[in-house]
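Read the structure below first, then the notes.
The values are calculated or read from the model by the stated rules, or taken from the named source; none is laboratory data. Being a predicted model, the structure only gives us computed values, none of them experimental. No Cβ is skipped: glycine too gets one built from the backbone with ideal geometry, and neighbour counts run over all protein chains shown. Calculation scope for accessible area: heavy atoms of the full protein, side chains included, ligands and nucleic acids excluded. Shrake-Rupley method; radii C 1.70, N 1.55, O 1.52, S 1.80 Å.
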Amino acid sequence: MVLSRPSVPFAYIRGGTSKALFFHEKDIPAPGPKRDVFLRRVMGSPDPLQIDGMGGSHIVTSKIAIIRPSEREEADVDYTFAQVGIGNDYIGYTGNCGNISAGVGPFAIDEGLVKQKRPGVSPDPGDVQTQQVRIYNTGTKKVLISHVPTDPETGLFLESGKFAIDGVPGTAAPILMDYSNVIGAALNKGVIPTQHVTVECEIRGKRISYTICDVANIIAFARAQDLGIVGNEPPSTLDKDTALIARIKEVRGKAAQAVGMCKDWQLVDEQSPMLPMVALVSPATSPECDVQSRLFLDNKCHTSMAGTGAICTAACSRITGSVVNAVMAKVNLEEKSTFRIQHPLGMMPIVVETSPSQDQGSTPTFESLSFIRTARRIMDGRLYVPSDVLDCV
């Protein structure tokens, strides 16, 4: 039974280690203030608990994906990612979420938005059939390629499988995400928008070096020890350290100012909210991993690792002299195509391949940047609209 109250159709989908509300763009307000009000309200923001909406009070559950058929020749669907602030009124559309992007291909196939079927690539050749979905991300203006496992009888997304990712219980079918075309996602100024592999700045009276890298998402990388932590602390501990969060905000503000994303680093939350992210890296404590990371978004530590954060970290690892390259385990990069990042819930592997032999400080050419995620449609139906936003729909 559908009640007579105003409502919109939606799906609730887990992509990787995040969850999001998925909407057809035609079902929600057009871009502008009404859309902002509507999306914040249905998520339950601003409220630290998001108790009166669909948000789960964490960065990884305060996300929205807006999908429409694409008019571009190179894409099947357009995907707008919205990161909704939790305890504030912020909502941003300029970035992307790698984890949520893994849910876009399955949604597009199941909703009949992919008109031309193209065979995809399976991480397990011969195991399952896959369909390629070309996704234009409106925030970064880049095309992502999703290789989605499909049921041979129905042609719909095949959820079940034997692939496991750290941070998600159980197993599912693997979705290969190709991010090889995401250089300069935020600023379109190349891999290193500052033109300097490392930049020095003063943080609370201490000189530190950081690398700002713009691949998939823009991130400022600094050594964990330079910010006063070991690097293996749980996110809950780091979030409670207000002095640490203040130092991280200063890094983010000064990095944003250095690349022109804000004019005053002290006003970074107002002038450049969310981006750039900050990643504090340290030597891996697991022998299987190459580097350890704690990623910060919206002044909070990510509970695992963002997909775009992993792509950017892997790309940065191949830049000689960068912070990530200096901290990571010493390996022969030309013989190692899988880069493994240790995060609070385990490990995330990224396939990264570059053109051979790079000079000191040069920017490599990336031949492959990809990762594997899983996804699951948790529910769909109608989302009821509170009376205070009725004029938005």
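Between Lys117 and Lys162, the contour length at 0.36 nm per residue exceeds the Cα-Cα span by 13.7 nm.
Applied to the range 310-325, the Karplus parametrisation 6.51 cos²θ - 1.76 cosθ + 1.60 on θ = phi - 60° returns per-residue 3J(HN,Hα) values of 5, 4, 5, 5, 4, 4, 5, 5, 8, 9, 4, x, 6, 4, 5, 4 Hz, with x for Gly and Pro. Working ranking of peptides 247-258, 50-61 by packing, defined as the average number of other Cβ atoms within 10 Å per residue, highest first, is 247-258, 50-61.
Within the chain, the cysteines lacking any other cysteine Cβ closer than 4.7 Å to their own Cβ are Cys97, Cys201, Cys262, Cys289, Cys301, Cys312, Cys392.
With a threshold of 29 Å on the Cα-Cα distance, the over-threshold entries among Lys162/Lys189; Lys19/Lys115; Lys34/Lys117; Lys263/Lys300; Lys142/Lys254 are Lys162/Lys189; Lys34/Lys117.
Between Lys189, Lys19, Lys162, the residue with the greatest mean-square fluctuation in the GNM of the chain (Cα pairs under 10 Å linked by springs) is Lys162.
Placing +1 on the Cβ of every Lys and Arg and -1 on the Cβ of every Asp and Glu, with no other charges, gives the range 199-370 a dipole of roughly 400 debye about its Cα centre. Note: relative contact order over the range 156-235, using C-alpha pairs below 8 Å and six or more positions apart, is 20 percent.
Listed by chain and number, the aspartates and glutamates placed with their C-alpha closer than 19 angstrom to that of Lys63 are Glu25, Asp27, Asp36, Asp47, Asp52, Asp78, Asp89, Asp269, Asp298, Asp380; residues fewer than eight positions away on the same chain are left out. Length gained on full extension, Tyr384 to Glu71, computed as 0.36 nm times the residue gap minus the Cα-Cα distance: 109.7 nm.
Helical content of the chain, expressed as a calculated mean residue ellipticity at 222 nm, amounts to -5000 deg cm²/dmol (DSSP H runs of 4 or more residues, -39,500 (n - 2.57) each, divided by residue number, nearest 500). Start at zero, step by 10 Å, and the Cα-Cα distances of the chain spread as 5, 24, 34, 26, 10, 2, 0 percent across the bins.
Once the 1.4 Å probe is applied to the protein heavy atoms, the chain comes out at 42 Å² accessible per residue. Springs between Cα atoms under 10 Å define the GNM used for the chain, and in it the highest mean-square fluctuation of Arg223, Arg340, Arg382 occurs at Arg382.
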